[in-house]
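Notes for the one structure printed next.
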Amino acid sequence: MHTRELLALLALVVLAISACGSGDSASEPTPDPHTLLQDGVAQLQNASSFKYEIDVSGYPVEVPIEGFNLSEDAGVSFKYASGEFKVPDRLSARIQFRVGVLSTTADLIMMDDEQYFRGELLTGNRWLKAELISGFSPAVLMAQPGGIAHTLSTLTDLVLVGRRDLDGQSAYQLRGQVDAGRIFSLTLGLSRATSGLLDIEVYVGVRDRRVVRITLVEPPPEWAADAEPTTWLINISDYNAPLNIEAPAVGGSG
Amino acid sequence: MVRSRSPHTSWLILAIVSLPVFVGALDLTIISAVLPEVIVSLDLPVKEYLDQASWAVSGYLLAYAISMTFAGRLSDQFGRRTVYIICLLIFMGGSYLVTVYDSPALNSWLSRFYRDVLGQTPPRTEERYLYLVIVGRVVQAFGAGAMVPVTIALVGDLFSPDRRARPLGVVGAVDTLGWVLGHLYGGVMVRLFGEHGQAIVDAFARLGFTVARPSWETLFVINIPLSALALGGAWWVLRDVQGPRRAERFDVPGTVLLVLALVGLNVGLGASPETASTAGSFEELQRGGGAYRTWLLVGAGVAFALFLAVEARVRHPLIRLDMFRRRNVLISSLTNFLVGFCLAIGLVSAPLLVNFRMESPTSQEVQHAAYIAGVLLSGLTIPMALAAVPGGWLSERRGYRLPTATGVSLATIGFVLAGASWQSDTPYWLMGVQMAMIGIGLGLTISPVGTAVLNEVDEDERGIAAALILVLRLIGMTVAISSLTIYALERFDVLLADYMANGSLSVEETLLASQTASLEAAVAVIRELQFIGAVVSLIAVLAALLMRGGRQRSQALEAG
């Protein structure tokens, strides 16, 4: 290939890349962050169901499991959960715990105040009717006040950071602060912080104005002030999908 | 084409091009001892992801075997230097890819691929990391496997026919030494990094360099400067080495069909990553994977039938099928495939048992387990490599049948003893003795099986026949890993349910009983794997009894 042709090809590539990176609506007026959040909150409040994913990184989120025999240097902590929620009070989840440095999973089904769970290491895959997450009921996710949508509507210092590409999904990135006392529903009741303001980001889909991601930064406990903070990454998808969440047969593994 | 160059120069060239062959062979087994450490460091649950993570082992074996089948031919057509350098660059690229599994750009690309191409929700971050590690391993293996036949072909270019035996032996020894030592190297290094990682960081800091704390990724980072050194050396020393450029057409359809058949077979025998990632539970994985597996296995069968049809028709086939009409070639190929299957059982089950026996789930224990697994696996592979020598000696004096049948019989006994005795508290020395018995048994077959094939084919077929022997052993290993991983996971669930089916227990009793039951189920599955090894090696005994000749041939040669 000649130098001139090569340069022309390079110019084309540069043009193509700049076209991709310039955003698909440079002339679009900047939306108001409060309006964006209100749109997202409204869709969440009116949803009949959704799927969610919670991923925790940084300082571990400890989960006390009574009766589970472990060596002293191996605590149980929450790492990840994915599952479904059906209004008003049914929730299913596959939860990944760290036991020491090893990870294991547990299936959890919540029906109002009742919890059922099983896991290979925890229960030998038998369904037990007992509390895995102490004091948590799925009804709290949509509660007024205290639910996810209500908590998001109380954010302060809200600003629009810009548009972000979430692995192929275009979303507005909003940044603000939230009262730590209100994040119980966002973290399935597993967060440590109960007071003070926490940094929060909310991503609202450009096309459908739905809340697709929430990231929440929780400081480490006082006795480990130099440690990394805990970052909660919460993805929400499949709004209003038909879901069927039923109680399992206790004692069975199916 | 052999040019006039001094023997010293030829040996220097061979030494330089053999270094990456050694590193590539080291990586064949490096991950078998450290796989649990990899899964733990990626923050994934071991049980759920063991099947997918096992592709970091079997994907490498498969890609290594596949590239070995055709790279020699490619170097005949495009030149040794070009093909060797490209293979080395591929190996380096794969090694680099393994180390950048957490790159945001790569992860974003993978997510887009899932969302836009497959129309699926992208896997979670840690799962994407695992897939990128596997992709990196496969890329590595394509380069590493391809370098072996190209190096063997280089021996033909560098040495005259009467001087080729020793350098060919050296290439074989370098390759064997690599995979024999891989797991020990991996286990020792991971333990070293765990115990003295900070000291290594501090030592670099004193020299003015800031480096990250070494971990399992470092094992792949080390490949890059070593390969770069060899790349510079090979670029220089191979500049005037000209192999025989052949005008014959490369068998593209045969190669593609063989790749499709082997990949389909191995993916079909195990659950596919796609099925596993979308399954909400292990039961779903089983149900979904069942239909998917059937289609893949049918597809693999069709591809293999087409491969046979193509090979029978094309002028310059990848593999000359008429070789298999000769009894010893057919029987030896089958035996070596079964030997590979048994070897994989040994390589996989010992690290599993060691990891299940950990006293507490801490980083130190995981790293210590990797070290113990590495040492135990050396108890299998080092005796195996050493036993090749008496195997050859016996083969020359008593024919192919006796050492081969004796070897696989010894392996059968070793597997039966392991299956009967392995418990959660079996001493490591006893496990080591049984692993050594299996290793010696499998090692006794190496020479007679190889010689039986080489002595049966024509001189111009020996290169491809030699590669075929190794490839079949590697394919036996991949088939074992693919099929037995899913078997083991399924059996674990069944046995766990059995152990827990002891009437109604309270919540507290269930929580306590489940930990013991998990360990018992895992040990029972690992013991079952040993009995499967015994059955497969017994089939190999029957195959070995059908071998003919060897002794007479050597006597005839001596008389001649």
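The values are calculated or read from the model by the stated rules, or taken from the named source; none is laboratory data. Just so it is clear, the structure is predicted and the values come from calculations on it, not from any experiment. Note: ideal-geometry Cβ built from the backbone for every residue, glycine included; neighbour counts use all protein chains shown. Accessible surface areas use protein heavy atoms only, side chains included; no ligands, DNA or RNA. Shrake-Rupley method; radii C 1.70, N 1.55, O 1.52, S 1.80 Å.
Six or more apart or on different chains, Cβ under 7 Å: which pairs go from a residue in segment B:70-92 that's over 22 Å from B:ASP27 (Cβ atoms) to one that's open to solvent by 30 Å² or more (accessible area, probe 1.4 Å) and part of a helix (DSSP H, G or I)? Could you list them?
none
Here is a list: B:LEU386, B:LEU377. Which entry is away from chain A (no Cβ under 14 Å) and surrounded by fewer than 22 Cβ atoms within 10 Å (Cβ to Cβ)?
Only one candidate qualifies: B:LEU386.
Can you find, within segment B:111-125, the residue that is nearest to the other protein chains (Cβ to nearest Cβ) among those that are open to solvent by less than 20 Å² (accessible area, probe 1.4 Å) and in a helix (DSSP H, G or I)?
Checking each candidate, the answer is B:SER111.
For segment B:525-548, enumerate the residues that are surrounded by fewer than 17 Cβ atoms within 10 Å (Cβ to Cβ) and either more than 30 Å from B:ARG326 (Cα to Cα) or not assigned by TED's automatic domain parsing to the domain that holds B:ASN336 (or both).
B:PHE531 - this is the single residue of segment B:525-548 that is surrounded by fewer than 17 Cβ atoms within 10 Å (Cβ to Cβ) and either more than 30 Å from B:ARG326 (Cα to Cα) or not assigned by TED's automatic domain parsing to the domain that holds B:ASN336 (or both).
How about segment B:455-491: which of its residues are among the acidic types (Asp, Glu) and open to solvent by 40 Å² or more (accessible area, probe 1.4 Å)?
Within segment B:455-491, B:GLU456, B:ASP458, B:GLU459, B:ASP460, B:GLU490 meet the criteria.
Scan (1) within 14 Å of chain A (Cβ to nearest Cβ); (2) open to solvent by 40 Å² or more (accessible area, probe 1.4 Å); (3) within 22 Å of the chain's Cα centre (by Cα) for the single condition B:ILE90 breaks and write down its number.
(1)
Among the residues of segment B:431-454, are any surrounded by fewer than 21 Cβ atoms within 10 Å (Cβ to Cβ), closer than 24 Å to B:MET147 by Cβ and touching a helix residue (DSSP H, G or I) at 6+ places or on another chain (Cβ under 9 Å)?
Checked against the condition, which is being surrounded by fewer than 21 Cβ atoms within 10 Å (Cβ to Cβ), closer than 24 Å to B:MET147 by Cβ and touching a helix residue (DSSP H, G or I) at 6+ places or on another chain (Cβ under 9 Å), segment B:431-454 yields at least one hit.
Show me the strands (runs of 3 or more DSSP E) entirely contained within segment A:105-181 in which 3 or more residues are surrounded by fewer than 16 Cβ atoms within 10 Å (Cβ to Cβ) and more than 14 Å from chain B (Cβ to nearest Cβ).
A:156-166
How about segment B:93-106: which of its residues are open to solvent by 10 Å² or more (accessible area, probe 1.4 Å) and assigned to a helix (DSSP H, G or I)?
Listed by number, the residues that qualify are B:GLY93, B:TYR96, B:LEU97, B:THR99, B:PRO104, B:ALA105, B:LEU106.
So A:ASN240 passes all but one of these: (1) within 14 Å of the chain's Cα centre (by Cα); (2) more than 14 Å from chain B (Cβ to nearest Cβ). Which condition number does it fail?
(1)
Answer yes or no as to whether B:GLN77 is open to solvent by 40 Å² or more (accessible area, probe 1.4 Å), polar (S, T, N, Q), part of a helix (DSSP H, G or I) and not assigned by TED's automatic domain parsing to the domain that holds B:GLN367.
yes
Within segment B:339-374, work out how many residues are out of contact with any Asp or Glu (no Cβ under 7 Å at 6 or more places or on another chain), open to solvent by 20 Å² or more (accessible area, probe 1.4 Å) and either away from chain A (no Cβ under 14 Å) or assigned to a helix (DSSP H, G or I) (or both).
Number satisfying all stated conditions: 10.
Having 2 or more residues that are at pLDDT 90 or above and among the hydroxyl-bearing types (Ser, Thr, Tyr) is the bar; report the strands (runs of 3 or more DSSP E) wholly within segment A:1-99 that clear it.
A:49-58, A:76-86
Can you find even one residue in segment B:58-67 that is open to solvent by 30 Å² or more (accessible area, probe 1.4 Å) and either assigned to a helix (DSSP H, G or I) or assigned by TED's automatic domain parsing to the domain that holds B:LEU231 (or both)?
No, there is no match, as no residue in segment B:58-67 is open to solvent by 30 Å² or more (accessible area, probe 1.4 Å) and either assigned to a helix (DSSP H, G or I) or assigned by TED's automatic domain parsing to the domain that holds B:LEU231 (or both).
What is the residue count in segment A:192-216 for residues that are more than 19 Å from A:TYR172 (Cβ to Cβ) and modelled with pLDDT of 95 or more?
0
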